[in-house]
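In what follows, a structure is listed as structure tokens, so that the remarks can point back to it.
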Amino acid sequence: MDAAETRKRGTASEEEVVVEPLENRKRALDGGWGWMCVFGCTLMHFLIGGYGRSYGLIYLQLRKHFNSSAALTAWVGGACVAVRMGCSPLANALSRRFSARVVVFVGGLMVGTGSVLNAFATSTEYMIFSYTLIVGLGGSLVYSPALVVVGEYFEKRRGIAVGIATAGSGAGAFLAPPLMIFLFERYGFFSGLLIVGAIMFNCCVSGALYRPLVDNFPNHMTSHRLKLSPECGEETGGHNGRVDAKVSCENDRDGAEKEDVPLSEQRSDNNTNNEASESGRNRLSWFQRVVGAVRTFGRMLDVSVWSDRRFSMFALSQAVSVMAYVPVSMLAPAVAKQIGLSEAQAAFVLSALSSGDFVGRICSGFFFDLRLVRRHRHRAFSAASLFMALAILAWPFITSFTVAILNAIVFGVFMGVVIGQRTNMLCDLLGADRLSSSLGMLVSAQGVGVLVGPFLAGWFRDYFGNYKVSFVYMGLCMTCGSVLSYVAGTLAARKRITNERSPHNTKI
């Protein structure tokens with residue numbers, strides 16, 4: 001232990017060790033290495049977002065090569081997003097256990113491997129294994145931990161940081177469709193997918209940048225005050241500001257002083273206890289170990305957020321909303337083809353949507369951090385959701401390439417606001433200290449919506465023979481999501497006002 005962290009008080013026979021409080025080492029940096037984490041998160045969004053948004057082009061190719069139904073083909077893409085979202089609590093729990101850097105790196109390997117396997121598809125059902133399961137699960141390990149890291153590194157500039165980080169999705173979705181069209185035309189559909197798979201391995205690079213926040217405060221440790229005898233003080237040396245062992249020499253459970261116990265005997269007792277403990281662990285049955293692992297994992301998952309009405313209402317609003325806006329990017333190229341546009345023009349419609357998404361995420365970060373807007377973020381968020389609903393309802397009435405581009409840009413801008421500020425809204429509702437658990441549960445709830453939304457949109461297309469009913473259904477879902485998010489924000493605002501009016505100190 002450093003000399004600066006050890007202060008001697010009183011007599012020479014007693015020494016008090018003061019260890020810095022835990023919250024000091026967990027404070028947000030609002031800069032520094034946090035911007036490298038933002039860069040890593042932006043790269044992740046660029047790859048995952050661009051790949052996911054380009055599924056509309058893969059959708060057309062799968063129907064062309066395998067002659068599969070619209071419902072099944074749309075469900076493959078939607079289920080991939082559902083797996084990615086539904087496994088987010090698992091990803092966040094693993095990141096708390098092993099660090100975000102390790103989890104994201106493993107997820108990047110899975111995304112790249114699954115994407116390469118897509119090139120060997122023999123049917124649409126094969127894509128359920130390679131694209132839906134492997135890419136989806138890998139995407140969950142990559143996605144949520146990245147947002148949590150950015151949320152932990154920033155507080156005052158969180159809106160800007162999250163906006164920049166998530167803007168990578170818009171940039172990737174703008175560039176990915178033309179790239180995929182080029183690869184499919186130049187090398188063929190399956191060879192193009194192989195090249196895309198090689199590109200997706202770069203998700204591992206983003207994970208390498210996520211240095212844990214606590215590593216920025218190497219000399220800070222958990223809060224304890226230990227009164228040590230000189231003997232214990234000699235054996236309680238630290239390394240790089242860390243305590244190597246628990247060496248409390250204060251009163252034991254019965255109140256007896258341990259100052260007269262030699263250290264050699266203490267070490268002997270500790271060794272005996274350790275051996276007995278190790279022997280007991282070895283005698284545990286396989287079943288007991290599994291039960292213990294499940295219980296440990298259950299403690300890592302904080303499901304208590306569902307008991308909060310603010311969170312449950314907001315999670316419901318986002319689950320309904322994703323039933324609307326996720327299928328739009330999948331079906332927009334098909335709608336463009338239906339009104340007589342070429343595949344290149346259909347890809348350009350996706351790029352226009354993604355450019356609006358990019359602008360919306362960047363601008364919303366600055367807008368939501370304005371002092372005049374902070375107390376009304378939930379209203380701005382709900383308004384953006386409502387404008388998204390109007391843009392979705394306008395899709396069936398598009399008859400020209402120009403109108404399709406304009407509507408795609410409008411839809412993309414407000415979608416960028418909603419997706420980009422979702423993390424910020426969670427912090428406003430529950431606080432940054434519960435971001436890890438609440439974000440995982442929120443994304444998991446969205447996964448249920450994504451699992452249902454694209455399938456229903458494709459089923460309406462198969463049943464009615466066109467996409468008009470599909471977009472009407474999606475517009476109504478988005479409207480419901482807007483109303484529910486407004487209710488959640490109102491509940492949070494009322495609770496905040498109640499807390500501000502309540503007295504902080506009670507006189508006795």
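Just one of (1) touching a helix residue (DSSP H, G or I) at 6+ places or on another chain (Cβ under 7 Å); (2) in contact (Cβ under 8 Å) with a residue 60 or more places away in the chain; (3) more than 19 Å from Pro177 (Cα to Cα) trips up Val373, so point out which.
(2)
Name the residue that is modelled with the highest pLDDT, counting only residues in region 172-223 that are surrounded by fewer than 15 Cβ atoms within 10 Å (Cβ to Cβ) and in a loop (DSSP other than H, G, I, E, B).
Among residues in region 172-223 that are surrounded by fewer than 15 Cβ atoms within 10 Å (Cβ to Cβ) and in a loop (DSSP other than H, G, I, E, B), the one modelled with the highest pLDDT is Gly188.
Among all residue pairs at least 6 apart or on different chains, which show Cβ distances below 7 Å where the first residue, located in region 402-427, is free of Cβ contacts under 8 Å to residues at least 24 places away in the same chain and the second is aliphatic (A, V, I, L, M) and surrounded by fewer than 24 Cβ atoms within 10 Å (Cβ to Cβ)?
That search, which allows pairs on different chains as well, returns Asn407/Ala394; Asn407/Ile398.
Of the conditions (1) surrounded by 20 or more Cβ atoms within 10 Å (Cβ to Cβ); (2) closer than 23 Å to Pro396 by Cα, Phe311 fails just one. Which one is it?
The one condition Phe311 does not meet is (2).
Identify, from the list Ser385, Ser351, the residue that is of a type outside the set (A, V, I, L, M, F, W, C), touching a Ser or Thr at 6+ places or on another chain (Cβ under 7 Å) and either within 25 Å of Phe314 (Cβ to Cβ) or at pLDDT below 90 (or both).
Numbers: Ser351 fails: touching a Ser or Thr at 6+ places or on another chain (Cβ under 7 Å).
After ruling out the rest, the residue left standing is Ser385.
The values are calculated or read from the model by the stated rules, or taken from the named source; none is laboratory data. Everything numeric in this text was worked out from a predicted model, so none of it was measured. Glycine also receives a Cβ, built like all others from the backbone with ideal geometry; neighbour counts cover every protein chain displayed.
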